[in-house]
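Written out below as structure tokens is the structure these notes cover.
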Amino acid sequence: MVPYGPFLGVTAFADAARNAPPLRQGAKGPAVALLQGALVDLGYNLPKSVRNGAPDGAFGFETFTAVKKFQTDHKLKEDGVAGAKTITKLITLFPAKPSTPPPPASPPPPPRTDHYEIGQRDPSIKPDPGAGIWNSSPKTAVYAALKVSILRILPEASVVIGKDAAKHMAHYMGHSGSDLKIDLEGMLQDVPSARQNLEAEVAQAQEFVELLPVGTHQITSRHAEPGYNYKDENWNWFFAIGGYASWGKGVATVKQTSAGREYELDFEYCFFDRYNWDKGKSVTIFRITVTDEFMAEFHRQGYAREFNCRGSVKRRFTWKQGGRIPAQQFERSGGRS
């Protein structure tokens, strides 16, 4: 069997490889054209037989002479007849498959870590179920009276529970359900664990950025991280928020310099929480005790309404290959407002 693909396509050429019959002077057709093409590809000149780039398929004296020269070069019987031994030798000089250039290399996949990826979307967040369906329970005069009492003391409540906790409770009692932008800068300064969560998020982003090629890239967290403001850390933020979710995103620029790589990251630290009181949470304000069950029932009776707390802070970080981000870059420019 003739291994090279084009030879397989012409029966008369395969027959000649078995002397059934061989190709000799005076023959014409596709098998002769293949023979001529093979000789040309192996470096034998056939200027009369090959014109305009294609063999003529006529076994004339020029082809006869080329076959003899091939036989001489390969120590075969020099009769100018392309029979079994001549064609077998000829086809062994061609690969079993036509040589084709290797396909271009695929671009490397974008880097990815457990925490960050290329993109700008926010990770999905599933809020906790809260108190249930708003305004789904019959209104009662008892809860109406309790709400009025709480609203009366709220202006002074910041002394006991903190200004942010009082602000968030007032928004809840306003029962609009609209989003509230929190003072995230204040929370980061007041709550040690919140500051640590920011630093951990930036460290995850830094690890990912150092895997990126030279250029500018949008990056985002693959998932949000949980956080919690504990009562022993800060009373105000314990009642204002409690548990929350946070994540990062931004634009990273990677530069190559003679001293190594340099990195810039315009970073946004994002925050989300659904305002509803955790089970077991309670506070006494001027002889009125507010519990998680009171807060939930206000929502169900329509006297208050759960809402989304959102916030973000922005920082610009710069560092060099193998270096750390300076601590001062975590501080808000201009201090707290």
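Pairs of lysine residues in the stretch 116-330 that meet both criteria, 8 or more places apart or on different chains and Cα atoms under 13 Å apart, total 5.
Peptides 174-181, 135-142, 163-170 ranked from most to least packed by the mean count of surrounding Cβ atoms within 10 Å: 163-170, 174-181, 135-142. For the chain, which longest stretch is free of loop sites, where a loop site is one of the chymotrypsin sites (Phe, Trp or Tyr not before Pro) that DSSP puts outside H, G, I, E and B and that has at most 15 other Cβ atoms within 10 Å? Longest run free of exposed loop sites: 1-229. Around Glu62, with a cut-off of 13 angstrom between Cβ atoms, what is the net charge of the other residues, counting Lys and Arg +1 and Asp and Glu -1? In short, +3. With only Cα atoms counted, the stretch 5-92 has Rg and Dmax values of 11.4, 32 Å.
Per DSSP H run of at least 4 residues, take -39500 (n - 2.57); add these up for the chain, divide by its residues and hand me the 222 nm value, nearest 500 deg cm²/dmol. Please list the in-between numbers first.
On the way: 11 runs with 116 residues, N = 337.
So the helix-based figure for the chain works out to -10500 deg cm²/dmol.
Calculation over all alpha carbon pairs of the chain in 10 angstrom steps from 0 returns a P(r) of 5, 19, 16, 10, 7, 6, 8, 8, 8, 8, 5, 1, 0 percent.
Rounding to the nearest 20 debye, state how big the charge dipole of the chain is about its Cα centre with +1 on each Lys and Arg Cβ and -1 on each Asp and Glu Cβ. Walk me through the intermediate numbers first.
Numbers: 41 positive and 35 negative charges, 227 e Å.
I would put it at about 1100 debye.
Laboratory data are not the source of any read-out in this text; all were calculated from the coordinates shown. Please read these numbers as outputs of a predicted model, since none were measured by experiment. Backbone-built Cβ (ideal geometry, glycine too); neighbour counts: all protein chains shown.
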